[in-house]
Amino acid sequence: MRVLVTGGAGFIGSAVIRHLIMDKGYEVLNIDKLTYAGTLSSLRLVADKPSYRFLRADICDARAITEAFSSFRPDRVMHLAAESHVDRSITAAKDFVETNVLGTFNLLECARTYWGGISKEDRFRFRFLHVSTDEVYGSLAGDGLFSETTRYDPSSPYSASKAASDHLAIAWARTYKMPILISHCSNNYGPYHFPEKLIPLAILNAVEGKYISIYGDGTNIRDWLFVEDHARALDQVAERGRVGERYNVGGGNERRNVDVVRQICSTLDTLLPADRPRAELIRFVTDRPGHDLRYAIDATKSEKELGWTAKESFDSGIEKTIRWYLDNEWWWAPLRERYDGTRLGTLLKASDE
């Protein structure tokens, strides 16, 4: 099996590649632009394996992507390349539209040309998995869950760009009859997570004795999914999912943001005792514009049709994650030099300009 993975130097993409090579024995071509959040060090475990190849390229570059299809001849595409940080999308929306919308369009077109030129048998086997997010659904109220039929209602430039790319993938499947599938995941966490998102940033700030900022009153709720569970799910969606269908992947671990940070602090207090409880480092700051209140995934379809279930509870997964960061400063220290946790995504008032 030959799999072309876009965004493979990112957090989720690198977990997918490690799974495909180390657990499944597949050949993988990783296409990544290597923006600020892409780091090849996340692939150190597979970098020297003959089944791994890397191409530094922008998915918007039609010539480079066309050549990649022609030379690698994949059986499967797993499209994860995306700008993904909501805070950055608030002040740099253009980057999100270019990569997430135009990049997905270009990849779909290159894949369509390639797919149309291979044998009937290879066309039947080919799959294109477009990896999306639960944020396209907007904000949940009450006790409901996002299902695959939930109406789209994106709140941020990031989620709007992902919703647009989803619609492109659906249209290409319907218009051109391409074998496309779409997945929607809840919030991921785990090893090799760039330290701008809540969990890795909270871990490293707590380790270094820096303040830990929480937006608003900290009651926003997310469903947390361990990244290695997600990687297994994506492989199963691509392998066993029904063409044209969408599959939700969630961890079933709803937590308030403030409770996530408090658990990180208490776990670190046990693993790495400090002079004072790390929960004292928590600071509540002005909320993020358009901050959705709650996300929660109904993964029943993935569990029943694909036989997938999450292996990690939040308690087991967060301890594994914290221990990984404590043991792997070699990976995150250079990234902290590039991004020290300064808040992003704030909007100036007219009187401040």
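Taken together, the values in this text are just the output of simple stated rules run on the coordinates, not laboratory data. In this text, all values refer to a predicted model and were calculated from it rather than measured experimentally. Don't worry about glycine lacking a Cβ; one is built from the backbone with ideal geometry, like all the others, and counts go over all protein chains shown.
Of note:
- Surface/4 of the Cα convex hull for the range 54-153, nm²: 8.4 nm²
- In plain terms, the bigger the Kirkwood radius, the slower the diffusion; for the range 210-353, with that radius from Cα pairs, at 20 °C and 1.002 mPa s, Stokes-Einstein puts D at 120 µm²/s.
- For THR99, THR342, THR300, THR270, order by how many other beta-carbon atoms lie within 10 Å, fewest first: THR342, THR270, THR300, THR99
- Rg over Rh for the range 1-40 works out to 0.97, using Cα positions for both radii and the Kirkwood form for Rh.
- Order of PHE226, PHE314, PHE124 under a 10 Å beta carbon neighbour criterion, fewest first: PHE124, PHE314, PHE226
- Amide H contacts of ILE297 (H built 1.01 Å from N, under 5 Å, at least 5 apart or other chain): PHE146, GLY252
- Principal axis dimensions, largest first and in whole angstrom, of the range 237-320 by Cα: 55, 33, 16
- Convex hull volume per residue, computed on the Cα atoms of the range 119-253, equals 133 Å³.
- Amide hydrogen neighbours beyond the local backbone of THR133, cut-off 5 Å, H modeled: CYS185
- Considering only alpha-carbon pairs that sit under 8 angstrom and 6 or more positions apart, the relative contact order computed for the chain is 18 percent.
- As a proxy for reagent exposure, GLU228, GLU148 were ordered by neighbouring Cβ count within 10 angstrom, fewest first; the result is GLU148, GLU228.
- Normalised by the number of residues in the range 25-135, the average gap of Cα pairs under 8 Å and 6 or more apart makes the relative contact order 29 percent.
- Most mobile of ILE118, ILE17, ILE282 in a GNM of the chain (Cα contacts under 10 Å): ILE118
- Expected-Rg normalisation [2.2 N^0.38 Å, Cα atoms] applied to the range 189-271: 1.33
- Approximating the spin labels as points 7 Å out from Cα along Cα→Cβ, the THR149-to-ASP259 distance works out to 3.0 nm.
- Separation of the alpha carbons by more than 24 angstrom is noted, of LYS33/LYS320; LYS94/LYS162; LYS33/LYS197; LYS210/LYS320; LYS162/LYS197, for LYS33/LYS320.
- Once C-alpha pairs closer than 8 Å and six or more residues apart are averaged by separation and normalised to the residue number of the range 214-266, the relative contact order reads 60 percent.
- One Cα centroid belongs to the range 2-33, the other to the range 116-182; the line between them spans 20 Å.
- Hits among lysines - C-alpha to C-alpha of LYS24 under 18 Å, sequence gap 8 or more where chains match: LYS49, LYS311
- Computed over the range 1-85, the P(r) curve from all C-alpha pair distances, binned at 5 Å from the origin, holds 3, 16, 31, 26, 17, 6, 1 percent per bin.
- Convex hull of alpha carbon positions in the range 294-345: directionally averaged projected area 6.3 nm².
- Mean projected area of the convex hull spanned by the Cα atoms of the range 122-166, taken over all viewing directions: 4.1 nm².
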